[in-house]
Amino acid sequence: MIGPCVLPDDVFDALAAGEGGRSAVLLLLRARRSRNLLLLRRALDGPCGAAAEAAADLLAGVERVDPEAARSVVDGPAFGTWAARTLRDCPAHRGGGCAGRDLAALAVLAAVRAAHPARITVPVREGRLALPGLGTVTGLGEAREALVVVEAAGPEGAPGTSAGGRRVRVLTAAGVRVLPRDPSRPGHGWQPVAVLDARHRGLTLRLPLETAAPELPALETASAGPAAWRELLRQAWELLVENHPRRAEELAAGLNGIVPLPAPARGVASATSRHAFGTVLTSWPADPERLALTLLHEFQHSKLSALSDLVTLYEPGGGPRLYAPWRPDPRPPGGLLQGIYAHLGDLAFWQDRSGSRHGPAQADAAWRLAQTRAHVERGLTEVAAHVRLTALGTRFLDRLARTVRDGDGDGDGDGDGGRGGGAGGGERLARAVARVQAGDEAVWRLRWAAADDAGTGRLAALWRSGRPAGALPAADVRAATGAVAGPGPEFGRWAARQRGAERARPAREAADVVLAAPHRTQGWAELAAAAAEEGRPGADVLRTRTELVHALLLRLTAQRTAPPPGTDPPRTPDPLSLAAWLTDGAAEAGQKTGVSMSQNARSPLAKTSATG
């Protein structure tokens, strides 16, 4: 099953542009299969090897008689996560049992699919025997393990024999359970994994609604059962096939499961495990548009994760915690690249919707398209400034930036870009998005970046003495811990108002608000947006070093002293004048201060060093 994997240049470039096509996805799938098998070999050679050996032998036996059944398990949602968990943090000898034992449940799936006889012991946890891809046996009491027996069918119609030609029994000390003749149907103490089918214009998507994988998060389907998921997927699939046919072909080739997550307090939660290629974790999306967007976005993550197994896009070093405008928390370089790439799926989606909708729906799609494009462009400038790209990484990001610049991330739309209907509307929309972006970054800086105390003291002394600021001190971006919330409802209300606003609040007025309440985060967001829109000197510093201006203002206003007799009074601290002074000092020292709004309007890697 393991073979060499060569990534042709044209496939690499197509993936960098955001797509790749069915053939590229199949190549990535083969590469991930080889990776999973190599991880299996490592697990068998490690401390968990003895616990996984019987299951590995069963998988090998299935492969000899039915290679496709074995491949489907190795490619499936749970195999990669099992291998990663076993190699990384197996809880063996710590009271939780060895993670290697969980391979047995996956081997059972392969045996059932191949109708291959098997007898293997599978762990039972809290009275539940989870068989990923098949279902869950419940009500097993205090049993710690069960013997699962897969038998080839007897004569047609024999009792207990499924129509597919296999009989599955589960034996514990308390007795014997026999799975239903059709394991896809529920039975006493048996909860099957539902399979969602969608077909449109000859393109089929077949996904298990995975509810039995112990390596994946806890699952809830009570709020939306299989029938509701099936209907929602049918509608989402029709939308994707009609409007994004090439991407739909990718999804048909590479998606292998949906894991339903518990619903968050607001919105939709979705994620992708880097170890589970093609598996989408999502809460109930409620409408087909949201499900279609989620599938596009999350599959981009899977593609880049698999591509990263084959090529190195960046070197160690650079900024460890970076700004990503779509996230409330700092991101590592790999996470920033993942977010940029995933948003190419969003860009394609909103490109199409902004051209096909009308009225308020069109305006909303145009806003989301413009915001998504601004997010990606700002992410690219962050990469250019702080990530040490390899030659392939530079090529990858250059091609990606070209996709964003061309404004047609999917190629299936009308190429309009959904910019609000005319130059005037497009300009107004772009200005509104830029205001929100500037404000968001300022709020993020105040939350996560800490100004150097000694450096701030040096700057305060220079300001009071009327001397140039010189180079700006380094900033320390703190690491996120625990759950991270967004910028808060006050910012959300302000951001929502920008969609209908002609201009930001005047910068001078915003600066006075900050002087009156320097600890109010929202005031700094409004000031950063206004200074950027007016092209004020120091606008970049107000946006990308907000914490420094904030700390310096607080220090200067707290240490006001009467001037010596016969000397001029010190300059009054003011956030606008402080930001301009810091910008001048940095420029004299040859130091860059951040990303301007004009940079945000073009592909950032076109004229910026990729290893800055």
Extended-chain gain in nm, criterion 0.36 nm per residue less alpha-carbon gap, Val65 and Ala516: 154.7 nm
Shape of region 195-424, Cα gyration tensor, a/c cut at 1.5: oblate
Relative packing of peptides 442-450, 536-544, 522-530 - highest average C-beta neighbours within 10 Å first: 522-530, 536-544, 442-450
Loop-resident sites, region 431-525, for GluC sites (Glu not before Pro), counting at most 10 other Cβ within 10 Å (DSSP): Glu502
Extension gain, Thr312 back to Arg41 (0.36 nm per residue minus Cα-Cα distance, nm): 95.2 nm
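Restricting to Cα pairs below 8 Å that are 6+ residues apart, what does the relative contact order work out to for region 195-424? Please round to a whole percent.
That works out to 17 percent.
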Helical mean residue ellipticity (222 nm; -39500 (n - 2.57) per DSSP H run of 4+; nearest 500) of the chain: -16500 deg cm²/dmol
Projected label distance in nm at Glu126 and Ala152, using a 7 Å step from Cα toward the beta-carbon: 4.0
Virtual spin-label span in nm between Val195 and Ser356, 7 Å along Cα→Cβ: 2.8
Gyration tensor (alpha-carbon) shape descriptor, region 266-328, a/c threshold 1.5: oblate
Degrees, to the nearest 10: 359-386 long Cα axis against longest axis of the chain: 80
Gyration tensor (alpha-carbon) shape descriptor, region 4-50, a/c threshold 1.5: prolate
Relative contact order %, the chain, counting alpha carbon pairs below 8 Å whose residues are six or more apart: 11
Folded to 0 to 90 degrees: helix 245-254 orientation relative to the chain principal axis, Cα: 50
Equivalent ellipsoid semi-axes, region 46-192, via Cα gyration tensor eigenvalues times 5, rooted, Å: 24, 19, 12
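Taking region 32-128, which GluC sites (Glu not before Pro) meet the DSSP loop condition and have no more than 10 other C-beta atoms within 10 Å?
Sparse-neighbourhood loop GluC sites (Glu not before Pro): Glu126.
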Computed FRET value (nearest 0.05) for Arg503 with Arg571, which takes r as the C-beta separation and R₀ as 30 Å: 0.55
Part-to-part distance (alpha-carbon centres) for region 38-115 and region 488-531, which is given in Å: 55
Difference of contour (0.36 nm per residue) and Cα-Cα distance, Glu142 to Ala496: 122.0 nm
Cα pair count fraction exceeding 49 Å, expressed as % - the chain: 23
Pairwise label distance in nanometres, Ala475 with Leu203, each label 7 Å out on the Cα-Cβ vector: 4.2
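Here, each number is a calculation from the coordinates, and none is a lab measurement. Keep in mind that what you see is a predicted model, and the values were worked out from it rather than measured. Reconstructed Cβ throughout: ideal geometry from the backbone, glycine too, with neighbour counts over all protein chains shown.
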